[in-house]
Every structure is written in structure tokens, then in C-alpha cells.
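To start, the structure under review is shown below, and the notes come after it.
The values are calculated or read from the model by the stated rules, or taken from the named source; none is laboratory data. Just so it is clear, the structure is predicted and the values come from calculations on it, not from any experiment. Note: ideal-geometry Cβ built from the backbone for every residue, glycine included; neighbour counts use all protein chains shown. We work out accessible area using only protein heavy atoms, side chains counted, and drop any ligands, DNA or RNA first. Shrake-Rupley method; radii C 1.70, N 1.55, O 1.52, S 1.80 Å.
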Amino acid sequence: MNRHDTMGTRRGFRSGVGQCAGIIMALVPLLAAAPVQSEGLAVSGESTTILRARESMDKKDLYPAYEYLRLSATNLDKEGRLSFYFGGWGRIDLGDRSTDKYRDGDLQYGYLSYRAPKNNLVVNLGRQFVAEGVASERVDGAYLRSDFTAGFGAAAFIGAPVVTETNSKGGDLIYGGRITHTLAKYYTLGVSALKASQSGERYREEEGVDVWLHPLKQIDAVGRSSYNSITDGWMEHDYRITYNPQDNLSINASYSDINYKDYFFHMTTNVFSLISPANPGGVMDPREKVQSLGGGIAYTPIKALTIGADYKNYDYKIAGDGNYYGGKATLLLPGAVVTGFAIHRMDGTTDKLRYNEYRVFAAKKFQRFDITADFFDVNYDSRINGIKNSYTVVGAASCDITPSLKIGADVDYSKNPDYDNEVAGLVKLTYTFDIRRGTEGRAK
């Protein structure tokens, strides 16, 4: 989940979809017509219809139905590709009202994109997701990136933040960019920044560095550090290194450090709001800091078996510390059956963070069918709301009706300290297609 909850829209779904539908109708003929030497037009899409069913804590019968639609149209030209991308969803309630907090639909993205044949030049215009260093944002605006000589590259964006149902709109203007230097096969170093304002006032100012290192064939390292210029503090350090001394052996280590005062500054939802004199009802203590240090190993002694172990220490300045550790194994059996189990222990400073965790799962694929079963159990050292053993059982099945049409269903039963005997299920229907102009249409 994005730290500033930028996965939605401030406008209504109907108006957004209507606008993008109009753009699609206008752009597809343009894409089909340009340029004369074009190799053709590719149009693809996916429609996913989901019906969920469950009973709420206040005994309401909830049957929300969702429709997710993704479309793309691309002009296949050797001199540069022009594309349009659209994604959105809508919901209707077939039973009791499932929520009054969130919208009944969302325009997720809708943008025009041009990709040049040289220098990895990309220009996007519209509603899009931007991921460049410290920026992980959904914006209504423009994005530009390109590679240059001597291994340098740069990207920039500007627009209005797009935020889901929240308590704050996240500013009215956001812009930023990233500069990188890459030595192929060995490293990429990046420096990035973003700024957001609201009614002309400073709202967010963040800078960061990110790195990918590959000094040897067996070693990969990735990480980032982010700084908040308004609070004058480091928001986050997050680094991970993986060492593969053999093809069947992998060892990893990770480290992270988060300062709540800087990291949760100007959140767009009260769920992560900081406690302050102006906001005594906040949830997060700004004095809190958390560091985590961990590692793991995975070994495949034979082709069908993978075993592993992992450990992670959480050190909270106020809440105390905790240690999470355990092992897991996955086995491929004859008949395309995959099964496995995992056992972990959490040793924390509170009752909710002292438990044993168990998981057993199995999956099988045969012909056009997939079947899976999953059991997850948490056994607390002390009772939480009268519950000592919390568990969830999940069963799922799917069938490929045709190469382009798939139907599936999930049912899960759970019992936990917050909800006793919960049963939930869903049915999902997915249709995909891929058509090229001048050739026989094909679905996949």
C-alpha cells in the first residue's frame, strides 16, 4: 500500500470512466491511422467480474459485485509506439450496503503513452502511476523519462495527486524527478526528490537515494534511503542483500529503520495519523521508531524439494521488541501436486505478539482445473478476547472454460480474536482478449 494512499481518485467513477471512454473512442481511430508504415494496431483487454459474499460483524448480509476493466490500444510502429491505457472498476451491492466510507467505483488509470525507438524515451499524459525513487504516486499529469550518454538517465513528472477516499486530499500539486547512473550488469545509482503543495503551502518535501548493486554474479543488493525536508529527519532506510553461492542455495539479509514522525508526516488517512496537540485523537505516536534486522536461507537439495529458514528482529523504541523466526518446506509430488508447510514463532513484548504460527497448503493442476487448499493457524500464549487459537481455512478452485475465459471460486472460514466463526466466499469470472489489426483476432 502506498504510504500516502494514492491508489484512487478524487472524482466520481462515472464521470472518470465516461471521460476515458470518450478518449478511447477518439484515440483508437488515430492509432489505427498513424503512421502510414505502421505494422498494425494491437488492442487487448481484460474483464474481471467478482461477486463476494459474507456476513458483517453487525449481522448484515453483504453481496458486493465488482467489475474490473483493463484496456490497451497500441500502434505497432518501428519509429515509435503510441499507446493508450485504461483501467477502472465499479461496485454494486446485491444485498445490504457494504460500505458508506468508500466510493462505488474508481478510475485507476487512463493515459496516452509514446515510446521512442531510441534512448528508452517515454512520454505519458493522463492518470498514471509514477514510481521513481522516493516517488510512488498516482497523478493526473505528465511523465517524461529518457536515457542519455555515459550511462546517465533522468525522469520527471508533474500533476495533481490522485487519492482514494481519505481524510485529506494529499495536496493539489505534486512534482519531482530522478537522476540515475548505470553501469550495465554492475550497478544503478539513483537520486530523487518530490514536492507537493496545498493551497500554495508546503505539504510534502522528500529526497532520497536508491541503489542496485551486482558486484559479482552471486551477489545482488538493493536499497533506498528517504529524507523529509519539512521535518528535517530521515524517514526510512531499507536495504536487502542476496547471496547465491550455488544454483540451489540462496542466502539473504535485510535491514530497515523507520522514524514515525518523519515517515507518517501528512498522511491522507486518519488510520495513520500522528498524535499531536492539534490532533489528540491521532493513532501513531510520533516518538516511535522501529528497526528491523533479519535474514534467511533457502536450499534445494533435490529438484522437487525446497527447504528454508528465516529470522527477523523488530526493535521498537516505545512498544518494545520482538523476534520472528522459523522454517518452511515446499515439495513437488507426482501428479503436479505442490504441498508445503511452515512453522514460525513470534516472541514479542505484548500478548498479541507472543504466539506460534503454523501453515499447511497444497495445490494441484490437472487439465483445465486448478485446486488449492490452505490452513493457517496462530496459537497464542495467552487468550486474546477469549480466543487462544486463531485459524483460517481456505479452499479455492478454478477452471479454464476456454483459452480466454476462466471461472473460479474461493471459500474461507476463520475464527480469530476479532471475529468468531466468519465465513466468506467469492466467485470470479475473467475474460481476456488480444486482437491485432490485419491479422486474425485471437484471445488468450
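In the stretch 302-315 there is no residue that is under 30 Å from SER225 (Cα atoms), assigned to a loop (DSSP other than H, G, I, E, B) and in contact with a strand residue (DSSP E or B) (Cβ under 9 Å, 6 or more places away or on another chain). Is there a residue being surrounded by 15 or more Cβ atoms within 10 Å (Cβ to Cβ), of a type in the set (A, V, I, L, M) and modelled with pLDDT of 90 or more anywhere in the stretch 262-285? No; the residues of the stretch 262-285 include none that is surrounded by 15 or more Cβ atoms within 10 Å (Cβ to Cβ), of a type in the set (A, V, I, L, M) and modelled with pLDDT of 90 or more.
Listed residues LEU125, LEU107, LEU112; which is under 17 Å from GLY45 (Cβ atoms), part of a strand (DSSP E or B) and at pLDDT 95 or above? Full working, then the answer.
Details: LEU125 fails: under 17 Å from GLY45 (Cβ atoms); LEU107 fails: at pLDDT 95 or above.
Answer to the selection: LEU112.
Within the stretch 124-138, can one find any residue that is more than 23 Å from LEU194 (Cα to Cα), in contact with a strand residue (DSSP E or B) (Cβ under 9 Å, 6 or more places away or on another chain) and surrounded by fewer than 19 Cβ atoms within 10 Å (Cβ to Cβ)?
Residues of the stretch 124-138 more than 23 Å from LEU194 (Cα to Cα): none.
For the stretch 124-138, residues more than 23 Å from LEU194 (Cα to Cα), in contact with a strand residue (DSSP E or B) (Cβ under 9 Å, 6 or more places away or on another chain) and surrounded by fewer than 19 Cβ atoms within 10 Å (Cβ to Cβ): absent.
Beta carbons closer than 7 Å, at least 6 apart along the sequence or on distinct chains, pair a first residue in the stretch 277-306 that is without any contact (Cβ under 8 Å) to a residue 24 or more places away in the chain with a second that is assigned to a strand (DSSP E or B) and not acidic (Asp, Glu) for GLY282/LEU274; GLY282/SER276. Taken over the stretch 254-283, the residue count meeting the criterion of being over 22 Å from the mean Cα position of the chain (by Cα) and of a type in the set (A, V, I, L, M, F, W, C) is 4. Applying a threshold of 6 Å to beta carbon distances and a minimum spacing of six or more residues, or different chains, the list of pairs starting in the stretch 398-420 at a residue that is open to solvent by 40 Å² or more (accessible area, probe 1.4 Å) and ending at one that is modelled with pLDDT under 95 and among the aliphatic types (A, V, I, L, M) reads ASP412/ALA424; TYR413/VAL423.
For the stretch 161-169, the criterion of being surrounded by 15 or more Cβ atoms within 10 Å (Cβ to Cβ), part of a strand (DSSP E or B) and at pLDDT below 95 is met by at least one residue.
Looking across the stretch 307-330, just one residue is in contact (Cβ under 8 Å) with a residue 24 or more places away in the chain, open to solvent by 60 Å² or more (accessible area, probe 1.4 Å) and among the hydrophobic types (A, V, I, L, M, F, W, C), and that is ILE318. Of the strands (runs of 3 or more DSSP E) entirely within the stretch 317-413, those holding at least 1 residues that are more than 30 Å from PRO301 (Cβ to Cβ) occupy 320-333, 354-366, 369-384, 387-402.
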